[in-house]
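Q: Below: one structure in structure tokens.
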Amino acid sequence: RAFADFAPAGGSGLTLGADLLVAGDYKPQPLPQAVRTAEVDGYTVALAGDLVPGRASKLTLRVSKDGKPVTDLQPYLGAYGHLVALRAGDLAYLHVHPDGEPGDGKTAAGPQITFYAEVPSGGEYRLFLDFQHDGKVRTADFTARAGTGQSEPAVEPSSSPSHGEHAH
């Protein structure tokens, strides 16, 4: 499945999806095991928080390199990070912008990037975090299970007209 996530001039954000067909045998593979850290190009990204179906769930991703916190993330498409979630099975798509934005006077350039994601149902999701550092965009990926979240209280993100939660 391919997704195009964009905002046309003068319009609101849109997401288009298309199934891509390829020749060959279909051999589905199980999702990678759910873990709390991902490695990409010498960076370690740690995930804190849990997905809770039907409500805003606080997810905090912490970026480090060589064991040291990265405190100089660079804006990428107007934010210090972008998070995409794809639901296993039907590939339902969710794009979430972080809480806060560069230049707002309160959002640090790392090492933490906080998101409030609302998934529609329980089950497994693949999470992809895009972040930019040293002029290069990198993607860290995780498998997460959305559960009941009995122990996590409901939370609300701060308001931000251009970087709130976007379910597509």
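The values are calculated or read from the model by the stated rules, or taken from the named source; none is laboratory data. The structure presented is a predicted model; accordingly, all values stated were derived computationally and were not measured. So basically every Cβ, Gly included, is an ideal-geometry build from the backbone, and we count neighbours across all protein chains shown. Side chains are part of the model used for accessible areas, which takes the heavy atoms of the whole protein and leaves out ligands, DNA and RNA. Shrake-Rupley method; radii C 1.70, N 1.55, O 1.52, S 1.80 Å.
Q: Considering only Pro28, Leu16, Thr107, whose Cα is most displaced toward the positive end of the charge dipole of segment 1-157, charges sitting on Cβ of Lys, Arg (+1) and Asp, Glu (-1)?
A: Comparing the listed Cα positions along the dipole, Pro28 ranks first.
Q: Also, I was wondering about something else. So between Asp41 and Asp66, what do we pick up on full extension, going 0.36 nm a residue minus the alpha carbon distance?
A: 7.9 nm
Q: Whole number in Å², please: accessible area per residue of the chain, 1.4 Å probe, ligands, DNA and RNA not counted.
A: Solvent-accessible surface per residue comes out at 56 Å².
Q: Roughly how many Å² of Arg62 are accessible to a 1.4 Å probe, to the nearest 10?
A: Here the accessible area works out near 100 Å².
Q: Another one. Tell me, what % of the accessible area of the chain is carbon and sulfur with a 1.4 angstrom probe?
A: It is 53 percent, rounded to a whole number.
Q: Which whole-Hz couplings ³J(HN,Hα) result when phi for each residue of segment 64-75 is put into the Karplus expression 6.51 cos²θ - 1.76 cosθ + 1.60, θ = phi - 60°, listed in order with x for Gly and Pro?
A: Once rounded to whole Hz, the list reads 9, 9, 6, x, 10, x, 8, 10, 10, 4, 9, x.
Q: Now a separate question. Calculate the FRET efficiency for Leu21 and Lys106 from the Cβ-Cβ distance with a Förster distance of 35 Å, rounded to the nearest 0.05.
A: Calculated value: 0.15.
Q: Output the Kirkwood hydrodynamic radius of segment 1-100, Cα pairs only, in Å rounded to one decimal.
A: This gives a value of 16.7 Å.
Q: Need the full-extension length gain, Asp141 to Ser121, defined as separation in residues times 0.36 nm minus the C-alpha distance. One decimal, nm.
A: Gain on stretching Asp141 to Ser121: 5.2 nm.
Q: While we're here: Give me a comma-separated list of calculated 3J(HN,Hα) values for segment 131-145, in order, Karplus coefficients 6.51, -1.76, 1.60 applied at θ = phi - 60°, integers in Hz, x for any Gly or Pro.
A: 9, 10, 8, 6, x, 10, 7, 10, 10, 9, 10, 9, 10, 9, 10
Q: Here is a further query. Dipole magnitude of the chain about its Cα centre, charges +1 at Lys/Arg Cβ and -1 at Asp/Glu Cβ only, in debye to the nearest 20?
A: Taking the Cα centre of the chain as origin, the dipole is about 240 debye.
Q: Can you tell me the relative contact order of the chain? Whole percent, Cα pairs under 8 Å, sequence separation 6 or more.
A: Relative contact order here is 25 percent.
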